[in-house]
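The values are calculated or read from the model by the stated rules, or taken from the named source; none is laboratory data. The structure presented is a predicted model; accordingly, all values stated were derived computationally and were not measured. Here the Cβ is made from the backbone with ideal geometry for all residues, glycine too, and neighbour counts use every protein chain on show.
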Amino acid sequence: MRWRFLARRLAMLLGSLLVASFVIFGALYLAPGNPISALSGGRALPPASMHVLEQRYHLNQPFLTQYWYWLDNALHGNLGISITLQQNVSSVIAARMWTTGGLVLYAALIIVVVGIGSGVVAALRPGLADTSVLVSTAITAALPSFVAAIVLILVFSVKLGWFPALGNGTNFWSNVQHLTLPAVALAISSLAIVSRVTRAAVREEADREHVQTAVSRGIPARQLIRRHILRNAAIPIATVSGITIASLIAVAAVVETAFSLNGLGAYLVQAAESKDLAVVQGISLVLVTAFVLINAAVDLLYAALDPRVALGSRAQ
Amino acid sequence: MSAAIGIRSGPVAPVRRRGALGLLRSTGVAGMASAAVIAVAAVLAIFGPLLAPYNPELPNLSMAWVGPVGGHLLGFDFEGRDVLSRLLAGAQSSMIGPLAVVAGSMLLGTVIAVIAAWRQGPLDTVISAGLDIVFAFPGILLAVLAAAVFGAGLTAASVALSIAYMPYVARVLRGAAMKERGQPYVAALEVQGASGPSICLRHIVPNMLPLIVAQATIMFGWAMVDLAAISFLGLGVQPPAANWGVMISENQPGILQGYPLPALAAGLAIVAVVIAFNVLGERLFEQAQAARR
Amino acid sequence: MSADVRTTGSEPPPPLLAVDGLTVLLPVEGQQRAVLREVSLQIRQGEAVGLVGESGSGKSMTARAIDRLLPRGAEVQGLIRFEGADVSALSGAALRSYRNRVAMIFQDPRAHVNPVRRIGDFMTEALRTNLGVTAADARQRAADMLSQVGIENGAQRLRQYPHELSGGMLQRVMIAAALLTEPALLLADEPTTALDVTTQAEVMAILDELRRSYGLGMLFITHDLELAAAICDRTIVMYAGQVVEVRQSELLHSDPLHPYTAALAAARPDISQRASRLRAIPGRPLSAFEAPLGECAFAPRCPHARDVCLTAVPELAELDGGQSRCARVAELRGELETADA
């Protein structure tokens, strides 16, 4: 039963990926002017280069064929050439992938540990803990990552000197240091949402009738919390956390720019500015794929946690 | 035992509608305070450039980074322009983009949601599947793509965000529309011969209005954040135009050099307005949910 | 204590459950409001007592008070004694042991069984946690109990999830689970109300049969006077948070001791009689805190109300083996049964 749900969801996600790749590819044709000028970013090119572009992108073929070639190439790791860097897009991506990956992972960790943790504490200990979590999340929920970035840089880098302000590190440990403020900036508003949802979910579960049944059978409090409240609340908490983390992928671009990190997102923005379309397409495809993969993982988790899943699609 | 208590049942016409002022009052102190902040921001959006005491775009490098002095409450930015004036003038571009995004996505989303809920059957399945599929595209990514293709600017970014937000709106509203659709009064109206579109326009949508307004308010906050981020990245509003997102990005070097005020002021403006929209939106959402029980 | 058959020459054993002057206040819109007022009842070993009332009468609240399941902020006054011990003073291991001895069966099985855990887990949890039974042994006992409630393939059912079972089956599972800890008292809170009619009869039959064969005491809560009378030896009728009548079940219809009971009985449509109009009790049932103070709570709706009913809250008085809270019961006794002609 759960397999049918999963199969359906994964098919949807694959569909999403295809549609997204189609849109990314089709952007070439939406651009004003002809595809060649779009690819070259409006620069004038020598006829030889134009010929190369025509061949590489099969610009003389029908649209769908071109799409097919592009997709096929992409699946084989060939994403074209960057006009501005004169490098393979895939090597550009490979070089920068780890920064972005590390950043998102670090932020995800913060969201899970601090976000879910504070939500559980707030739900189970009404009073001062609850109020302080509520107040802080109300403020931080509205904090856009780039605003958080400048505040963090000001306080923790300039004033306190605890962390470096900009750039990447050289080895693992200094990488972690350099990524800390960016990870916090990236995580901060999502953290608030996850905390609130966790708090709401745990409180709601605690009030449910099946918990009453367990109480009436004399189940001790700690076991009650673990097996009946948290276990059940894990379902909405996991799904919200998952989709929140997935959304980090896009916002990472903003944080990378603010902190001058050489990640995929920052380069995406630069490529967009310089109209290096092949790079934009390549990185967009990678990011969307990552987004879809994370969503798929969330679906898997959801199916694992909720046996009723065959009854309906993932409640979002 | 129900015979012991008289029960009257039957299709009853749509719910009572409070006036806008009554609705506002019911959102409590926090809600009303937020509405006040939003009202101020709206006034600034319209009259900002006129209210600005000094020229927001004319550079004067000799005054770069100077702190608050004389009539310049917030000091000068990296190009020697009065920060306060730039803030006031920037309200316009910072608010108009989100307005367009919300209008576009809510309109489109509502239409799609109501059609799906009304027709049901295979059309609904296709629409739902379609929504599920396009759900996956993060707004900022689409905006960056749009900027790469059409060039940087507020228009491209706003359109892209509208498109990206629409599936979410349609999802939320479809649920509500389906609930309305299943109400007895709709069946009663159908039996009386009212047409689909007229029922939708005159009854279903108005009954969803509290939810629509709540959703729009919350989304305005998101759109503001996303658009400010895009302007921050340099792909939205272009300098030297005044815009809060742009102001943060262009004054960011000041943070490192010991002149944090211009960037912080712009950041505070964004945060204040977004919080206001979030708080008001949440309160309105609670009201909408309570009214539906 | 109501007088009935005693074994010659010996004192009657202490009641299994004795509730004395139970008053419960709940926070309602910021204030503490009474939902139960001075409720007293007793249940002896192996005795089934029905608790009947409309919504707001406090019948569910009584059961929850007994099982210490009241919501946050509830204030409890009065005394509840189980096998002689004060229930509110219990804590820790003693409280857990009490919860094993008193088992509650809830109204809506689908809401009351954890949907993400298997049936086996639900049934054996208390055994494994509180009684230290091994998992395998607990599973065996659970499977056996399932067959007693009429569910075959116990071992297979234990591995299923609640959403895979129908409402009726789930309620049987709930009953089976309640019986597993070998309780002495069952609190059944409208166990069949949420089920469809045919299933109701089946589940009721199983509950009744098992209760008798295990010799358990039961407090059976329902809004259905007939149902209570059918399976319980004694019936208690509640209105507005108070006990208004206690009566031997067989005498409830022929000789009720309170106008409310008579009205309840009369309100049920009888298929053997012709009626041009269903008899309803005018007005609506009240909660304890909505009832007028200083007078009989039922007076506003009672066709027999007189001045004496409006001057003071009537006391619960012993009468002919039962109890009644009607100020005019002595005069009305003969007339009450004719109220449903």
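Structure summary
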item: Residues that are in a loop (DSSP other than H, G, I, E, B) and small (Gly, Ala, Ser), drawn from region A:162-200; result: A:ALA165, A:GLY167, A:GLY169
item: Candidate set: region B:254-274, residues that are modelled with pLDDT under 90 and farther than 17 Å from B:LEU84 by Cα; chosen: the one farthest from the other protein chains (Cβ to nearest Cβ); result: B:GLN257
item: Matching option when the condition is closer than 21 Å to A:ILE219 by Cβ and either over 16 Å from the mean Cα position of the chain (by Cα) or free of Cβ contacts under 8 Å to residues at least 24 places away in the same chain (or both), among C:LEU179, C:LEU195, C:LEU165, C:LEU186; result: C:LEU179
item: Qualifying positions in region C:276-304 - more than 10 Å from chain B (Cβ to nearest Cβ) and of a type in the set (Gly, Ala, Ser); result: C:SER276, C:SER287, C:ALA288, C:ALA291, C:GLY294, C:ALA297, C:ALA299
item: Residues within region A:9-25 that are exposed (fewer than 15 other Cβ atoms within 10 Å of the Cβ) and facing another protein chain (nearest Cβ under 10 Å), tallied; result: 3
item: Yes/no for C:ARG72 being more than 19 Å from C:TYR239 (Cα to Cα) and in a loop (DSSP other than H, G, I, E, B); result: yes
item: Search result, residues across region A:250-287 that are at the interface with chain B (Cβ under 7 Å from one of its Cβ atoms) and under 9 Å from the mean Cα position of the chain (by Cα); result: A:ALA250, A:VAL251, A:LEU287
item: Region C:184-202, residues that are of a type in the set (Ser, Thr, Tyr) and not in a helix (DSSP H, G or I); result: C:THR192, C:THR193
item: Within region C:273-291, considering residues that are touching a Gly at 6+ places or on another chain (Cβ under 8 Å) and not hydrophobic (A, V, I, L, M, F, W, C), the one farthest from C:VAL24 (Cα to Cα); result: C:PRO285
item: Failed item in (1) without any contact (Cβ under 8 Å) to a residue 40 or more places away in the chain; (2) over 17 Å from C:ASP67 (Cβ atoms); (3) more than 10 Å from chain A (Cβ to nearest Cβ), with C:ASP121 passing the rest; result: (3)
item: Among residues of region A:201-249, those that are assigned to a helix (DSSP H, G or I), of a type in the set (D, E, K, R) and within 7 Å of chain C (Cβ to nearest Cβ), counted; result: 2
item: Among (1) among the charged types (D, E, K, R); (2) within 30 Å of C:LEU26 (Cβ to Cβ); (3) under 22 Å from the mean Cα position of the chain (by Cα), the one test that C:ARG301 misses; result: (3)
item: Only listed residue being surrounded by fewer than 21 Cβ atoms within 10 Å (Cβ to Cβ), modelled with pLDDT of 85 or more and of a type in the set (Gly, Ala, Ser), chosen from B:ALA164, B:ALA187, B:ALA160; result: B:ALA187
item: Unmet requirement for C:ALA305, which otherwise passes all of (1) within 25 Å of C:LEU41 (Cβ to Cβ); (2) touching a helix residue (DSSP H, G or I) at 6+ places or on another chain (Cβ under 6 Å); result: (1)
item: Helices (runs of 4 or more DSSP H) enclosed by region C:249-328 - at least 2 residues per element that are surrounded by 16 or more Cβ atoms within 10 Å (Cβ to Cβ); result: C:251-254, C:259-267
item: Yes/no for B:ALA228 being at pLDDT 90 or above, within 11 Å of chain A (Cβ to nearest Cβ), within 16 Å of B:THR155 (Cα to Cα) and buried (at least 24 other Cβ atoms within 10 Å of the Cβ); result: yes
item: Candidates C:SER287, C:SER272, C:SER276 - the one that is modelled with pLDDT under 85, polar (S, T, N, Q) and closer than 22 Å to C:LEU51 by Cβ; result: C:SER287
item: Answer residue from region A:120-164, given it is small (Gly, Ala, Ser) and over 23 Å from the mean Cα position of the chain (by Cα) and is farthest from A:VAL254 (Cα to Cα) among those; result: A:GLY127
item: Filter result (in contact with a helix residue (DSSP H, G or I) (Cβ under 8 Å, 6 or more places away or on another chain) and either at pLDDT 75 or above or β-branched (Val, Ile, Thr) (or both)) within region A:24-49; result: A:ILE24, A:PHE25, A:GLY26, A:ALA27, A:LEU28, A:TYR29, A:LEU30, A:ILE36
item: In region C:114-142, residue nearest to the chain's Cα centre (by Cα) [restricted to those that are at pLDDT below 90 and in a loop (DSSP other than H, G, I, E, B)]; result: C:LEU131
item: Filter result (without any contact (Cβ under 8 Å) to a residue 40 or more places away in the chain and loosely packed, with under 15 Cβ neighbours inside 10 Å) within region B:37-59; result: B:ALA39, B:VAL40, B:VAL43, B:PHE47, B:LEU50, B:LEU51, B:PRO53, B:ASN55, B:LEU58
item: Flag if A:TYR302 is touching a residue at least 60 places away in the same chain (Cβ under 8 Å), hydroxyl-bearing (Ser, Thr, Tyr) and within 14 Å of chain C (Cβ to nearest Cβ); result: yes
item: Residue in region C:41-62 that is surrounded by 17 or more Cβ atoms within 10 Å (Cβ to Cβ), within 12 Å of another protein chain (Cβ to nearest Cβ) and under 29 Å from A:PRO220 (Cβ atoms) present; result: yes
item: Set C:LEU219, C:LEU251: member being among the hydrophobic types (A, V, I, L, M, F, W, C) and either free of Cβ contacts under 8 Å to residues at least 12 places away in the same chain or within 24 Å of C:ARG279 (Cβ to Cβ) (or both); result: C:LEU251
item: Where A:GLN281 falls short, out of the listed (1) closer than 30 Å to C:LEU90 by Cβ; (2) in a helix (DSSP H, G or I); result: (1)
item: Residues located in region C:124-157, provided they are within 14 Å of another protein chain (Cβ to nearest Cβ) and either surrounded by fewer than 20 Cβ atoms within 10 Å (Cβ to Cβ) or hydrophobic (A, V, I, L, M, F, W, C) (or both); result: C:ALA126, C:LEU127, C:ARG128, C:THR129, C:ASN130, C:LEU131, C:GLY132, C:VAL133, C:ALA138, C:ALA142
item: Yes/no for C:ALA177 being under 28 Å from C:ARG96 (Cβ atoms), modelled with pLDDT of 90 or more, in contact with a Leu (Cβ under 9 Å, 6 or more places away or on another chain) and of a type outside the set (Ser, Thr, Tyr); result: no
item: Scan of region B:187-198 for residues that are assigned to a helix (DSSP H, G or I) and without any contact (Cβ under 8 Å) to a residue 60 or more places away in the chain, ordered by number; result: B:LEU189, B:GLU190, B:VAL191, B:PRO197, B:SER198
item: Flag for A:VAL89 being modelled with pLDDT of 80 or more, β-branched (Val, Ile, Thr) and in contact with a Ser or Thr (Cβ under 7 Å, 6 or more places away or on another chain); result: yes
